[in-house]
Amino acid sequence: MDVSDLLTETYDRLPELVRAAVDGLSPEQLRHEPGPSTNSIGWLVWHLTRVQDHHVADLLDAEQIWVSGDWAGRFGLTADADDTGYGHSPAQVAAVRPESAQALIDYYETVASRTGSFLAGLRPADLDRVVDEAWDPPVTLGVRLVSVAQDDLQHVGQAAYVRGLIEAD
């Protein structure tokens, strides 16, 4: 298996996991926080999608999908390209209000489609390219793609867990 196939296989698992975490939930369930200062399913899936959108757009030197359409309006937010949810306060978490599960699915699938196209064209040597010199050591494309996948997988697992809590009530 070449590296492009490996990364594609990893990222191609996410849309089904995102759909399973949110499909059929009401807006109220998507906004449910299981405890004080915790993250809702809607916030978790929004955040993991924002991180992928933000980072892949940067790798492509392209505009984020978030700011190129009416995505923000579907979440009760403004189209701030810098807002990925990182460091959000409880009030900011609560402000993420997806209009529906479908809004989360649609945004994720749109971002995932662009990511898949990007991954399909990768060659092994591409992964060594430095994409962020703000870190020591500098971050390569390969490390950035693994980091995004890890973040997305972690948060979609958390969303599935919160869904289980909601359904158990």
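The values are calculated or read from the model by the stated rules, or taken from the named source; none is laboratory data. It should be emphasised that the depicted structure is a prediction, and the values quoted were computed from it without experimental measurement. Every residue, glycine as well, gets a Cβ built from its backbone with ideal geometry; the counts of neighbours run over all protein chains shown. Surface areas here come from the heavy atoms of the whole protein model, side chains and all, with no ligands, DNA or RNA. Shrake-Rupley method; radii C 1.70, N 1.55, O 1.52, S 1.80 Å.
Details
- Pairwise label distance in nanometres, E33 with M1, each label 7 Å out on the Cα-Cβ vector: 3.9 nm
- Applying D = kT/(6 pi eta Rh) to the range 4-66, where Rh is the Kirkwood radius over alpha-carbon pairs, T corresponds to 4 °C and eta to 1.567 mPa s, the Stokes-Einstein value obtained is 96 µm²/s.
- Protein heavy-atom accessible surface, 1.4 Å probe, per residue over the chain: 51 Å².
- When GluC sites (Glu not before Pro) are flagged only if DSSP places them in a loop and at most 15 other Cβ atoms lie within 10 Å, the longest unflagged stretch of the chain comes out as 1-62.
- Positive dipole terminus of the chain, leading residue within A125, P138, P98 (C-beta point charges): P98
- Taking a ≥ b ≥ c as the square roots of the eigenvalues of the Cα gyration tensor, the range 113-160 is classed as oblate, since a/c reaches at least 1.5 and a/b does not exceed b/c.
- If you take the alpha carbon atoms of the chain and fit the smallest convex hull around them, that volume is 114 Å³ per residue.
- On the basis of the beta-carbon distance and an R0 of 25 Å, A91 and S26 show a calculated FRET efficiency of 0.70.
- Centroid-to-centroid, using Cα positions, the range 1-71 and the range 78-98 are 13 Å apart.
- When a 1.4 Å probe is rolled over the protein heavy atoms, the share of accessible surface on the range 120-169 that falls to carbon and sulfur comes to 57 percent.
- Among residues other than A79 with Cβ under 13 Å from its Cβ, the summed charge is -4 (Lys and Arg +1, Asp and Glu -1).
- Anisotropy class assigned to the range 41-84 is oblate, per the alpha carbon gyration tensor with a/c at or over the 1.5 cut-off and a/b no larger than b/c.
- The trypsin sites (Lys or Arg not before Pro) of the range 1-85 that DSSP puts in a loop, and whose beta carbon has at most 14 other beta carbons within 10 Å, are R13.
- Site-free segments of the chain were taken between chymotrypsin sites (Phe, Trp or Tyr not before Pro) in DSSP loops having at most 12 other Cβ atoms within 10 Å, sites themselves excluded; the longest one is 1-85.
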